[in-house]
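Participant: Encoded as structure tokens, here's the structure I'll be asking about.
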Amino acid sequence: SDAICNFVICNDSSFRSQPIIFNPDFFVEKLRHEKPEVFTELVVSNITRLIDLPGAELAQLMGEEDPKLPGANSTASGFFRSLMSLKRKEKGVVFGSPLTEEGIAQVSQLIEYLHKNLRAEGLFRVPGNSIRQQILKDALNSGTDIDLDSGEFHSNDVATLLKMFLGELPEPLLTHKHFHAHLKIADLTLFDEKGNKTSTPDKERQIEALQLLFLILPAPNRSLLKLLLDLLYQTAKKQDKNKMSAHNLALMFAPHILWPRNVTANDLQENITKLNNGVTFMIKHSQKLFKAPVYIRECARLHYLGSRAHTSKDDLDLLTSSGSKELQPLKSQKRSRLDSCHQEETQQRTEEALKELFRHVHNMPDSAKKKKLIRQFNKHPTALTPGSDVPTSPAPRRARSRSFSGLIKRKVLGTPVILERKSRDTTPEPVRVSKENVQLLQKCGSPAHVSQAKLKNLEGRKEESCRRMRGLLLSKDSSSL
């Protein structure tokens, strides 16, 4: 059920109040089911980024080689090892058989019952009644319905039978292939400021590595592991009643879910503490371990949707190349394309918003506010002004008159010049010329093409002629006198 994602899309108003169920790991599960090779390559590449796995151990994790486990080459055949081998030869429908969905359905009855009876002191440590356990075991193997709430069985009977089921599996719940990876995860520690390794566990990296490792577990193993760790987590929360802490529970279950089969404690002398602490860590952080990392979710989503949505930098930094052409959009060469596409979409939305705003202003009734808004639009660059869709009416600009009569009035008479409006066209308005300057302008060409230098030259000539006329008038007056 964890791999199911339901989308409710309905126009019926009676269904709108219903909650929409969405599994954030939907595309992760879809990729795992439809393309297991691509999925495994993606996950394993990120596991090797966190922990150092030599070639042989990596091949064992990928299933390319048979796992080399502690005690496998030992010639000693102790009593306990032979006893465990004999027990596993007696296979039943549920107990002693490889893990199946049918077996999980039967065992889930035990887990559900124990969730209701977590207050029993010494739960999972105190053994139950062997006769009642055998009756219950036969009932589970036969597939018959069991009424555990009838009071016939004690919680210690059920807890002991659950451990028995895990111990009789052909391989541990976390599988033999993952054994060396769990040893390396236990060694993940923090580094100091100088880059030296410390003895403090790096919890964030350990959680991330376990999340990735659990993703490539077989589906039945992962389902049962989730049910089991959740039960142990709830049991540890009530340790004030049952006296079972996370560490005590780890001591009870590590041999069944993590230790290799047919090994004794002597075979694991160097690693037994590390393995027990690893199971303790899983119990304490079980609520985080079955969520796929964010970058795995994003990679799976992009694999199916091909979305160009901008991914956060922190998530992209964690991505590593998966070697598949279908996962190329997450490589570093694609980051610039994602950024440019995001910028283009943002600019396009901005331009559309400006055009819509400009249309609204243009359709407003004529008023002083409308003219003010249009003037503000005209101040923006042409790239941001959506003037191509709606015709604009630029504000009239005033300019001084360029006629020679105006120049004479400004220089000689000192009267103010009346300003004239320019036309909306880009071509300048022809200069108005007075009658007294027609002959002078004919020597200089068309007034529309008179340059600034020529205007100054003509202005100087005009002033010189004015001074001569004044001199003549003064001479006539003096001669008459």
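The values are calculated or read from the model by the stated rules, or taken from the named source; none is laboratory data. Fair warning: this is a prediction, and the values are worked out from it, not measured in the lab. For neighbour counting, all protein chains shown are included, and Cβ atoms are generated from backbone atoms with ideal geometry for every residue, glycine included. Calculation scope for accessible area: heavy atoms of the full protein, side chains included, ligands and nucleic acids excluded. Shrake-Rupley method; radii C 1.70, N 1.55, O 1.52, S 1.80 Å.
Participant: Any idea which of VAL107, ALA120, LEU136 is furthest toward the positive side of the dipole for the stretch 93-170, if Lys and Arg beta-carbons carry +1 and Asp and Glu beta-carbons -1?
Facilitator: ALA120
Participant: Right, another one. In terms of solvent-accessible area of protein heavy atoms at a 1.4 angstrom probe, what is the ranking of GLU121, GLU34, GLU29, highest value first?
Facilitator: So the residues, ranked largest to smallest area, are GLU121, GLU34, GLU29.
Participant: Related question: Please compute the per residue accessible area over the stretch 131-227 with all protein chains in place, 1.4 Å probe, rounded to a whole number of Å².
Facilitator: Details: 4320 Å² over 97 residues.
Each residue of the stretch 131-227 exposes 44 Å² on average to a 1.4 Å probe.
Participant: Ignoring ligands, DNA and RNA, what percent of the 1.4 Å accessible area of the stretch 93-170 is carbon and sulfur? Write out the running numbers ahead of the final one.
Facilitator: Numbers: 1820 of 3620 Å².
The computed percentage sits at 50.
Participant: With contacts defined as alpha carbon pairs under 8 Å and 6 or more residues apart, what's the relative contact order of the stretch 93-170 in percent? Provide the component values of the computation, followed by the final result.
Facilitator: Working: 67 pairs, mean separation 40.0, N = 78.
Averaging sequence separation for qualifying contacts and normalising by length gives 51 percent for the stretch 93-170.
Participant: In whole angstrom, and with the biggest value first, how far do the Cα coordinates of the stretch 93-170 range along each principal axis?
Facilitator: Each principal axis gives a Cα extent; for the stretch 93-170 these are 32, 24, 23 Å.
Participant: Over all directions, how big on average is the projection of the convex hull of the alpha-carbon atoms in the stretch 132-235, in square nanometres?
Facilitator: Seen from a random direction, the Cα hull of the stretch 132-235 projects 9.0 nm² on average.
Participant: A further question follows. What do you reckon, how do MET252, MET244 stack up by accessible area (1.4 Å probe), largest on top?
Facilitator: Numbers: MET252 50, MET244 0 Å².
The residues order as MET252, MET244, largest area first.
Participant: Right, another one. Top to bottom by accessible area (1.4 Å), largest first, where do SER367, SER199 land?
Facilitator: Output order, biggest surface exposure first: SER199, SER367.
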